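Read-outs throughout are calculated quantities, based only on the coordinates presented, and are distinct from any laboratory measurement. Just so it is clear, the structure is predicted and the values come from calculations on it, not from any experiment. Methodologically, a virtual Cβ is constructed for each residue, glycine included, from the backbone with ideal geometry; neighbour enumeration extends over all protein chains shown.
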Amino acid sequence: MTGELSPIDKAKFVAAKRAVDFIEDGMRVGLGTGSTAAWMVRCLGDLVRNDGLKIKGVPTSTRTAELARDVGIEVVTLDEAKWLDLTIDGADEFDQELNLIKGGGGALLQEKIVATASDQMIVIADVGKEVESLGAFPLPIEVIPFGWKTSKSLAEELLVSMDVLGQDVTLRMNDDKPFVTDEGNYILDLHLGRIGNPHQMAMVLNQIPGVVENGLFIDICDVVILGYGDGRVETR
Ligand code: 5RP
């Protein structure tokens, strides 16, 4: 499955492989989105096909649903599963308090709903995702297409009122067109540099009309499994 991996892919793979050790027979498992989560889905598929592990997977995107089915995982909706034992997902950044920025892959809305409906969330990450303070990675917010320019202006005004200097808000694009999420929404990326108070930021962003959700995951992640390019794994 792995062949010759680059150090970054090896780091993602070893974190993913360690994380599936937490999955037990009969569990209902949230399946994250992104390149690290894709390794986890492939590792889990191996356990299902080769070791007869029986689980139900709730994917957080159409991409992950397709991969999960391809590797033999039984896929159910969150409403069918009702509540999950565990969610395993990647992240764009995590800090010492295990707060996260997610949504680099545009799946933050389903990812947050699924992680919140889980007894436990494990994040898998390569070592480059660990930061002192969140914000170097642009913070995504998902907005409905109607009036998105107004939502963008309101987000800019909000950032000015919060004394966030040098901020910039951009519409995420895909081949000259707005990137569209699985829910048919757009993504605004907030280039903040540093987020002084992630709790406050997460709360106020969701007050803007048209904002569906933001990519700050506060007090949701329980454990981070960190992979290194030389194959070492650490837990935070
Ligand atoms: C998708 C996400 C991903 O988990 C995040 O972007 C990390 O991706 P990758 O594992 O490819 O670095 O939040 O919405």
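Things to note:
- Under 14 Å from a label point set 7 Å out along the Cα-to-Cβ vector of LEU171, the amide N atoms of region 187-220 belong to 187-189.
- Here the simple spin-label model places points 7 Å from the Cα toward Cβ, and for ASP219 and PHE179 these points are separated by 2.9 nm.
- Extending 7 Å from Cα along the Cβ direction at GLU157 and again at VAL131 yields two label points whose distance is 2.7 nm.
- GNM top mover of GLY34, GLY57, GLY184 - the chain, alpha-carbon springs below 10 Å: GLY184
- Region 1-84: C-alpha gyration tensor shape, a/c 1.5 cut-off, then a/b vs b/c: prolate
- Taking the number of Cβ atoms within 10 Å of each Cβ as an exposure proxy, the fewest-first ranking of PHE146, PHE179, PHE94, PHE217 is PHE146, PHE179, PHE94, PHE217.
- Cα-based shape type of region 92-198, given that a ≥ b ≥ c are square roots of the gyration tensor eigenvalues and the cut on a/c is 1.5: oblate
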